[in-house]
Amino acid sequence: MAKYAYAPLSVEDGNKRSTRYHQQAAEDEESDRIVNERMPLCVGICVLMAIVYVLSRTGGEVHPPFPADPNANANGIRNGNHNANANLPPVVTETNAAVASSGAASSCPPAPSCPTCDSKTTFTPTSSSCEGLVDPATIDMGTLRAKALESTPPHIIECSAANANSDQSACHLPSSTRFAALGQKGATLWMTGCSGAGKTTIATALEDRLVKEFGKHVYRLDGDNLRTGLNRDLTFSEADRAESVRRTGEIATLFADAGVITLVGLISPYRADRDAVRKRHEEQGIAFYEIFLDVPVDELKKRDPKGQYARVESGELKHFTCIDDPYEEPLHPEITLKTHELEIQQSADMLFRMLERDGILEGAPKLTPPGLPNPDGDEIIDLHVPHHLKVERRNEAETLPKVLISDIDLNWLQVIGEGWASPLKGFMREGTLLETLHFNSILVDPFNVTGNANRHERKTDFNNFPEHQPPQRVSMSVPITLSCTSFTKDNIENSGKKDVALVTQMGETVAILRDPEIYNNRKEEIVTRMFGVIDMDHPYIKHIYSGGDYLIGGEIELLDRIRYNDGLDKWRKTANELMAEFEEKKADTVYAFQTRNPTHAGHAYLMKSAGEDLKKQGYRNPVLWLSPLGGWTKSDDVPLDVRVKQHEEVLEAGISHPGGLDPATTVMAIWPSPMVYAGPTEVQFHAKSRRSAGASYFVVGRDPAGMKGSPNAVAHPDDDLYDGDHGRYVIQTSPGIGGMKMLSFVKVMYDTKDNVMKVPDENRLDDFISISGTKMRLLARNGAVPCSPTNIPTDLVEANCIPSGFMVPKGWQGVVDYYKNVDDSERWIPWSRPLIEAPACSRTEPRGKLGSTSFSLKHKEFDSFWHDIPIRPAGEANEIINFVVEIPMYMTAKMEVQKEMPGNVITQDTNKDGSPRYYTYGTPFFNYGLIPQTWEDPSLMSPQGNGGDNDPLDVMEIGSGPLKMGSINRCKVLGSLELIDEGETDHKIICIALSDPDSARINSMSDLDYVKPGTTAKLVDWLKRYKTSDGKPENSLAQDTPTTVAEAVGIIQETHDRWRSLCGHGTYSSSYVKGAEKFWLNSPGCRGQ
């Protein structure tokens, strides 16, 4: 950056002379300059007088040289007390002309002529005995100007005249459009102060930075360039000084209105003149900053590079502003610069931060509190449905086709809806995805400058492209997409609806997605572009490949605040809520520190050092945003609740411990995004997303968003996938990152002498020890206790102790607790996943946590769901059965009665790795469960040679809404489908609950398709393909045509008879049946008493 020294005294002060020099032209060479400047005026007046004289001699009509004043008397003087006009010279009027044409006028001598002058001619006024003529020497130009301005309203010929206190906005491009196109706002910085205070020097330094580093349109106006032309005719009288300020103010207003950041450097000693310029700016709605350079006169005298103050001291110069002419200090300047106490660059930086704080350096309107940046795209994004529309939107969502979202999708939905991915308003459409993949950014036109507003909210058109590119590029490096299967795609396209509802794995409808755009999920292209590495065991790459074959783009509306009910919601704040909290703490800048590990004293040192560095840059109150990752993370990362609770202890310790943070200047808030481990690509999104909530700085460490490759990684097996320095490099040069600034980590170690973490002292490196993350985890797993403060060993692992200054004590205890119990997965909250109460019947008793292997559901009245509930209600016809709900409609958690557990409770099925199992094919459009007291006997072979699946008989209820888990429902049989699943017969009974509003109209499968067209086809598709989304082959059906009611009733009866035999009421015992040996059969309805 260029360096500057304070400039010499300006030309303005070097040329100043007192008023008496202008009145005594013959005694000072200054008069030559004045005559030369005013000679054109002199010639003009002489010509005018000659014309008047001729006309007066011929009796012609004479017009006054100034606009007629209705209050003027015959001599052109206004009636009343108007001191401002008292010195106006008389002018010839019609009355004067009439007198002149009489006998008295005939004695007038010829009109005096103006001499032909060259640059050395001295003009001596010619006396005249002719009354009514103008003597140029008596003209007071200041008074003339004042009168002209007073009598002339602002008016532009090509525009309508302005009303009182209004501007000429009709004449120009709207300022908002102009500023948006230019990428900056116009403003005037009016620097006032005594000669030599540094106005020009500081303005030059600021201009240099704004133009060279930020490409802004800036121009300086000062005494030098103004008196060269615009103010060339002005002297240094009080009136001319006022006129100089007025003209400069008008020019500054025009420049600023045109979007130029205008730097004015004028002494402008009189407060009233400066206030008039401010008022002019305010009338035009233009930002105006009065900058007072407050420097003691003694300091100015010391600077005095041209000796002007010395000339004043010697008496050579008189009427020198701030010495023997007055200077009226500003009463309420926007900034006061004591340049004798500040470096030049410090002063320029203060002005720069003021412009940055107020959004002048951006073309968009300032949307955020002072000091906080606008979100990307210059739009506050909050997609929650207003409270008064919630019921209406929920009712609408019930009528829409359903799209399944996973818990990771729910994290992304929160990111979008709360404004963390601004200006994104929904899951990416195809065009937006392409821009993201290829450029790590997207083009936007928030103010429709090029006619491209809302382009990302329209379906991608590959045939018609805009004539002009959108003007603004914003960072968007990570694809935010929603995948679906062909099942969901077909449901949307066949629904006749324009919108869809988004439903979680647990069946909760959380959002509406408008105008869906469905396109191919090009997984390989996405993975290649996004990660740049080949590792099929990378956890997020596996997630992408597990998604459906299609992507759905469209704008979303959140039906309610996303809550996870895990005890951590108080730390989940929207982007807008965070901005409000930063404003409450009076932050003038915010710096974010992301964590996915516990925070030790080394982290605290870096955070506190960053804050001190920002203060050195001139910020008064930088606020730290402690920002733990809250979305999905890989399985071996430290769980979210462990990190957050440890951070709570860090804030609780405050400044009492070297590992603590001051809660007065720190805000903790969970960042909701999933972690995708895409290294340099992802870290750009980390930074951009924090800006959406008000951060201007982002702390970047080594290998941000990176991870080690799996053993199957092609290039880097069991090693870092990304170079540790690449992320920090890329983020500094990323397209669209804008004004976001990065703060890099520095290496810190533990000082055994001072018991703190800090940058190592090169002169005593032996006093410092390294405590890596690996070493910390080992010490925690071993339950390390605090070391002696006076005797810290170099081998901490061998001593099994942790230095007392490494981490706040209670925080360390929590970390130890986790690592000693790391295998107790049910105890921890790995990442943000919704915990909801089971949507269970009131006659049941839930235990454990829904969505985990700890959950179970027991009936309060029956010992067993399977054995003790009757097959059908008493007294009902054979086609009416009791249906026990295991999985309510829309829920994808694979719940089922456990045949081997006491009470045959309902729990969630598990995958081979022990994790809870979910359907992934789509949102179930049916309630799923069983018919009690039935059993599909493996020994009973179908005509195709397949035995039963060794389970109770399954039921698919196709009513209009969810039924409660564990509820017992009277259900009318409509038919059945015979699924062949991995060589086993698995009958699916189709029924409709008698409580359903359509029950009376639906008595068979044909009735079902008449009332609900396409339902049978959807059932067939589901049964055949529901496992394909998990990478398994399609199932088959014995036949695609459902059975009749009678045939289905026959199947029910057969399986009931087989159940009776299983329970010992038939011809053989279950001990003869392979796979039935471990069944729990000791309920009253089976073998119990």
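Things to note:
- Top positive-direction residue, dipole computed over region 931-1089 with Cβ charges, set V1020, V955, S995: S995
- For M742, the residues 5 or more places off, or on other chains, whose built amide H falls under 5 Å of its own are F698.
- With a cut-off of 18 Å on the backbone N, the residues of region 624-652 near the modelled label site 7 Å out from N712 along Cα-Cβ are 634-636.
- Only lysines eight or more places from K1024 in sequence, or on another chain, were considered; those with a Cα closer than 20 Å are K402, K489, K894, K988, K1032.
- Here the convex hull built on the C-alpha positions of region 710-796 has a volume of 182 cubic angstrom per residue.
- Direction-averaged projected area, Cα convex hull, region 936-1021: 6.4 nm², rounded to one decimal.
- Rg over Rh, two decimals, region 277-339 (C-alpha only, Kirkwood Rh): 1.11
- Expressed as a fraction of 2.2 N^0.38 Å, the value expected for a compact globular protein of N residues, the C-alpha radius of gyration of region 480-545 is 1.35.
- Its Cα gyration tensor gives region 317-413 an equivalent ellipsoid; the semi-axes, largest first and in whole Å, are 57, 17, 9.
- The spread of Cα positions in region 400-553, taken along each principal axis and listed from longest to shortest, comes to 44, 41, 31 Å.
- With the biggest extent put first, the Cα atoms of region 568-611 measure 30, 27, 12 Å across the principal axes.
- A dipole drawn for region 788-915 from +1 and -1 charges on Cβ atoms has a positive end, and of M807, T892, P846 the residue lying farthest that way is M807.
- Each Lys and Arg adds +1 at its Cβ and each Asp and Glu adds -1 at its Cβ; summed about the Cα centre, region 471-556 shows a dipole of about 180 debye.
- Cα extents for region 641-732 along the principal axes, largest to smallest and rounded to whole angstrom: 47, 27, 23.
- Summarising the label geometry, the points placed 7 Å from Cα in the beta-carbon direction at K570 and E525 lie 4.8 nm from one another.
- The H on the amide N of I335, modeled in the peptide plane, is under 5 Å from the matching H of E290, F292, each at least 5 residues off or on a different chain.
- Translational diffusion of region 684-735, µm² s⁻¹ [Kirkwood Rh, Cα pairs; Stokes-Einstein; 20 °C; 1.002 mPa s]: 174 µm²/s
- Area accessible to solvent at L149, 1.4 Å probe radius, in Å²: 90 Å²
- Spacing of the two label points (7 Å from each Cα toward its C-beta) at R620 and A664, in nm: 1.5 nm
- The solvent-accessible area of V218, taken with every protein chain present and a 1.4 Å probe, is close to 20 Å².
- Rounded FRET efficiency, nearest 0.05, which uses the C-beta distance separating D720 from D817 and R0 of 35 Å: 0.75
- Heavy-atom accessible area order for E1047, E418, largest first, 1.4 Å probe: E1047, E418
- Given +1 at the Cβ of Lys and Arg, -1 at the Cβ of Asp and Glu and no other charges, the dipole of region 492-623 around its Cα centre is 580 debye to the nearest 20.
- Paired Rg and Dmax values of region 254-392, which use every Cα atom, in angstrom: 21.8, 85
- The share of Cα pairs per 5 Å bin across region 787-910, counted from zero up to the longest distance, runs 2, 8, 13, 14, 12, 9, 7, 7, 6, 6, 5, 4, 3, 2, 1, 1, 0, 0 percent.
- Projected area averaged over orientations for region 588-681, convex hull of C-alpha atoms, nm²: 6.6 nm²
- Simple Cβ-charge dipole of region 945-1089, Lys/Arg +1 and Asp/Glu -1, about Cα centre, in debye nearest 20: 440 debye
- Pairs beyond 28 Å (Cα-Cα), from K366/K586; K498/K688; K820/K860: K498/K688; K820/K860
- Estimated translational diffusion coefficient (Stokes-Einstein, Kirkwood radius over Cα pairs, 25 °C, 0.890 mPa s) of region 328-372: 203 µm² per second.
- Rg [Å, one decimal], Dmax [Å, integer] - region 934-1089, C-alpha atoms: 16.7, 48
- Grouping the Cα pair distances of region 657-787 into 10 Å bins from zero gives a pair-distance distribution of 10, 28, 35, 24, 3 percent in increasing distance order.
- Region 609-653 - Kirkwood radius from inverse mean 1/r over Cα pairs (Å): 12.9 Å
- Restraint check, K318/K338; K185/K338; K459/K849, Cα-Cα greater than 30 Å: K459/K849
- Point-to-point label distance, Q469-V746, nm (Cα→Cβ direction, 7 Å offset): 3.9 nm
- Remark: region 880-960 projects, on average over all directions, an area of 7.1 nm² (convex hull of Cα atoms).
- Candidate lysines for bridging to K523, where Cα separation is under 16 Å - those fewer than 8 sequence places away on the same chain excluded: K542
- Each pair of Cα atoms in region 370-461 enters the Kirkwood radius, and Stokes-Einstein at 4 °C and 1.567 mPa s then converts it into a translational diffusion coefficient of 85 µm²/s.
The values are calculated or read from the model by the stated rules, or taken from the named source; none is laboratory data. Model, not experiment: these values are computed from the prediction. For neighbour counting, all protein chains shown are included, and Cβ atoms are generated from backbone atoms with ideal geometry for every residue, glycine included. Protein only, heavy atoms only, side chains kept; ligands, DNA and RNA dropped before computing areas. Shrake-Rupley method; radii C 1.70, N 1.55, O 1.52, S 1.80 Å.
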